[in-house]
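Data block below; observations after.
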Amino acid sequence: GKELRESPNSSSSCDVKHEETEEEESDDDTYADFDYCYSRAAKQLPDDEKSEIIGLASIQPGNPAFMTVLLRAHLQHKNNFLVIPSEFVDEHLHMRSHEVVLLRPNREERWHVRYYQGSSSRGFRGQPWAKFVRENELREGDVCVFELIKGARNEKKLARTTMAIHVARRRKSNGRFALVD
């Protein structure tokens, strides 16, 4: 079954899916024991679309993830800010500002962005985030799944917060989502 954890002041929610139920029959049980959080905009997506996008993302077992729908404020060159769901931050990120490495599946590039931890907001902003948006040609309405890579290390073998970003875009032809390379 699903548990929905949401604080009254929260703008997002996390679903923890522990096991498949009979109503959710699936040939693919790779969703079991995953921890997904959704931004306010992503929560508005129908459940079948959320499942479709999670399936496309092929998240590794044991890696938590959050889903967000990109809005204009996330994509601006200046004054941009991508809020990370507070439940995801509380559960998986250090409670301080620090560098995060972003990568895209099947790509060599790495982007070093700053995660900001403020009293009322937590997320990515500034020029490094704008560079990631620009170089990946992200658009308003794209759905991004941020997968936290467990056990990632830097060249000095120190733990480093690393996220793989899976980008899904709705096709104009049939309205279904497809991953963007």
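The values are calculated or read from the model by the stated rules, or taken from the named source; none is laboratory data. All values reported here derive from a predicted model rather than from experimental measurement. Don't worry about glycine lacking a Cβ; one is built from the backbone with ideal geometry, like all the others, and counts go over all protein chains shown.
Selection of strands (runs of 3 or more DSSP E) fully inside the range 1-80 by the criterion of at least 1 residues being modelled with pLDDT under 90, on the phi < 0 side of the Ramachandran plot and charged (D, E, K, R) returns 2-5, 13-17, 34-38. Might you check whether a residue that is buried (at least 21 other Cβ atoms within 10 Å of the Cβ), modelled with pLDDT of 90 or more and not in a strand (DSSP E or B) occurs anywhere in the range 98-118? No, every residue in the range 98-118 fails to be buried (at least 21 other Cβ atoms within 10 Å of the Cβ), modelled with pLDDT of 90 or more and not in a strand (DSSP E or B). Whether a residue is in contact with a Ser or Thr (Cβ under 9 Å, 6 or more places away or on another chain), touching a residue at least 12 places away in the same chain (Cβ under 8 Å), more than 17 Å from CYS144 (Cα to Cα) and not β-branched (Val, Ile, Thr) was assessed, and ARG96 does not pass this test. Residues of the range 81-97 being surrounded by 17 or more Cβ atoms within 10 Å (Cβ to Cβ) and assigned to a loop (DSSP other than H, G, I, E, B), which ones? Scanning the range 81-97 gives ILE84, PRO85, LEU93.
GLU109 falls short on exactly one of the conditions (1) under 13 Å from the mean Cα position of the chain (by Cα); (2) free of Cβ contacts under 8 Å to residues at least 60 places away in the same chain, and that condition is (1).
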